[in-house]
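**Q** Next up is a structure, given as structure tokens.
The values are calculated or read from the model by the stated rules, or taken from the named source; none is laboratory data. Just so it is clear, the structure is predicted and the values come from calculations on it, not from any experiment. All Cβ positions, glycine included, derive from the backbone under ideal geometry; neighbour counts span all protein chains shown. For accessibility, only protein heavy atoms count, side chains too; no ligands or nucleic acids. Shrake-Rupley method; radii C 1.70, N 1.55, O 1.52, S 1.80 Å.
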Amino acid sequence: MIETPYYLIDKSKLIRNMEKIAHVREKSGAKALLALKCFATWSVFDLMRDYMDGTTSSSLFEVRLGREKFGKETHAYSVAYGDNEIDEVVSHADKIIFNSISQLERYAERAVGIARGLRLNPQVSSSSFDLADPARPFSRLGEWDVAKVERVMDRINGFMIHNNCENKNFDLFDRLLAQIEERFGSLLERADWVSLGGGIHFTGDDYPVDAFSARLRAFSDRYGVQVYLEPGEASITRSTTLEVTVLDTLYNGKNLAIVDSSIEAHMLDLLIYRETAKVSPNEGPHSYMICGKSCLAGDVFGEFRFADALKVGDRISFQDAAGYTMVKKNWFNGVKMPAIAIKELDGSVRTVREFTYADFEKSLS
Ligand SMILES: Cc1ncc(COP(=O)(O)O)c(C=O)c1O
């Protein structure tokens, strides 16, 4: 028995996403790069490597991890690079995408050996949440002025555009891409490659993957470009649970159960985006508010239904716990950091990382 809390990555579930990605790659000709900002648990890269073309990154450390642990094609992107890191970034990357013309001008010469690109911002997106909307007013994420970009075309041969966010809707993707074509068509004509970023939930149930693939192929043919996708969430969705144990139960007008984890420390994005965790099947006569053990008053995973009354020692699995969790976990309150375990294809489970007091101590000084 592995001691809770721990993230449990189920390779047989991960493979379902990988097979859809491989299908889209084959049908569309697009390449798929894992977005490490979402998921960087390298112990399963041996499996993912067979289905994806490489990785994309947001920093020096991510591009290095991608190169060393995943291999294959390695893209570097960052909102801003510093003088002290640019040479090392270039040494790990096959392509570097600059966020602004000023960064491109500052570092183009230091990246002559690899392909260089620029992030474009079409000023429209599928995001309804201001915090995560790359097209929000005054956004710093990418260039939008075609005339300005035309002046630096001699130094780049590709573009990255990320304006899909949690987009499950193919028609919306199609419309957004049409807007990109209308606005940036003259630039795309002159490019060799275009990355369409992440945020497209094409591995979800009922997503029309064939229509999606045909749309990507048509885009690629129209401009003569190699298309890239940067799936983060779509790569790992529904592959992982966070396993926790009930430590206490109480009644304060509602039934409460406190578990040996914390949404603030171990599933932070849910809190940031005001979402609740998922429990399956979430059925039965007993309703509980499941709370974390940090001191934050709102450290609440959500309210769920159970077949039986909960008692100390009961186990709960939070579903869909891979994306933006392990990469964002923190030591708030000194709550024990969840271990990471992998369920292999033969059903055996092995722990690949445990965190101890020494890790907590070492994270501070
Ligand atoms: C440039 C870029 N690529 C890829 C991704 C991955 O997005 P997702 O995990 O929603 O697929 C993001 C997410 O913010 C991003 O900013």
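**Q** In 10 Å bins starting at 0, how do the alpha-carbon pair distances of region 1-139 split up by percent?
**A** 11, 33, 34, 19, 3, 0
**Q** So what's the gap between the Cα centers of region 87-109 and region 259-307, to the nearest angstrom?
**A** Region 87-109 and region 259-307 have Cα centres spaced 41 Å from each other.
**Q** In terms of solvent-accessible area of protein heavy atoms at a 1.4 angstrom probe, what is the ranking of H201, H23, highest value first? Write out the running numbers ahead of the final one.
**A** On the way: H201 35, H23 65 Å².
Of H201, H23, the descending order of accessible area is H23, H201.
**Q** Separate question: Rounded to the nearest 5, what % of the DSSP beta bridges within the chain are antiparallel ones? Walk me through the numbers on the way to the answer.
**A** Values: 24 of 59 bridges.
Antiparallel: roughly 40 percent of the beta bridges in the chain.
**Q** Which whole-number value in Å³ per residue fits the convex hull of the alpha carbons of region 172-330?
**A** 144
**Q** Between G292, G253, G204, find the one with the highest GNM mean-square fluctuation for the chain; connect C-alpha pairs within less than 10 Å.
**A** Checking each option, the largest mean-square fluctuation is seen for G253.
**Q** While we're here: Using a 1.4 Å probe on the protein heavy atoms only, what accessible surface does C295 show? Give it in Å² to the nearest 10.
**A** Per-residue accessible area (C295): approximately 100 Å².
**Q** Okay, next question. Tell me the per residue accessible area of region 1-154 using a 1.4 Å probe; a whole number in Å² is fine. Before the final figure, lay out each step's value.
**A** Numbers: 6820 Å² over 154 residues.
For region 1-154, the per-residue accessible area is 44 Å².
**Q** On to the next question. Tally up the carbon and sulfur contribution to the accessible surface of the chain as a whole percent, 1.4 Å probe, everything protein left in place. Could the numbers behind the result be given before it?
**A** On the way: 8020 of 16540 Å².
Heavy-atom surface of the chain belonging to carbon and sulfur, 1.4 Å probe: 49 percent.
**Q** For the chain, how big is Rg over Rh, using alpha carbon atoms and the Kirkwood form of Rh? The partial results should precede the final answer.
**A** Working: Rg = 21.8 Å, Rh = 21.8 Å.
In the chain, Rg relative to Rh is 1.00.
**Q** Here's something else I'd like to know. Find the percent of Cα-Cα distances in region 155-244 that exceed 14 Å, and round it to a whole number.
**A** On the way: 2663 of 4005 pairs.
That tail contains 66 percent of the Cα-Cα pairs.
**Q** Given a 1.4 Å probe and the protein chains all in place, what does the accessible area of K336 round to, in Å² to the nearest 10?
**A** 80
**Q** Still on this model: Of the peptides 116-122, 179-185, how do they stack up when ordered by the mean number of other Cβ atoms within 10 Å, highest first?
**A** Numbers: 116-122: 23.0, 179-185: 15.1.
Packing order, densest peptide first, comes out as 116-122, 179-185.
**Q** What list of ³J(HN,Hα) couplings, whole Hz, do you get for region 242-247 from phi and the Karplus terms 6.51, -1.76, 1.60, once you set θ to phi - 60° and write x for glycine and proline?
**A** After applying 6.51 cos²θ - 1.76 cosθ + 1.60, I find 10, 8, 9, 10, 6, 9 Hz.
**Q** Moving on. In degrees from 0 to 90, rounded to the nearest 10, what is the angle of the helix 11-28 Cα long axis to the longest principal axis of the chain?
**A** So the inclination is approximately 20 degrees.
**Q** Could I ask something else about it? Largest first, what is the accessible-area ranking of W193, W42, W144, W331 with a 1.4 Å probe? Write down the numbers at each step before the final one.
**A** Working: W193 10, W42 105, W144 125, W331 50 Å².
The ordering from most to least exposed comes out as W144, W42, W331, W193.
**Q** From the convex hull of the Cα coordinates of region 63-164, what is the mean projected area in square nanometres? Mind dumping the intermediate values first?
**A** Values: hull surface 28.3 nm².
Value for region 63-164: 7.1 nm².
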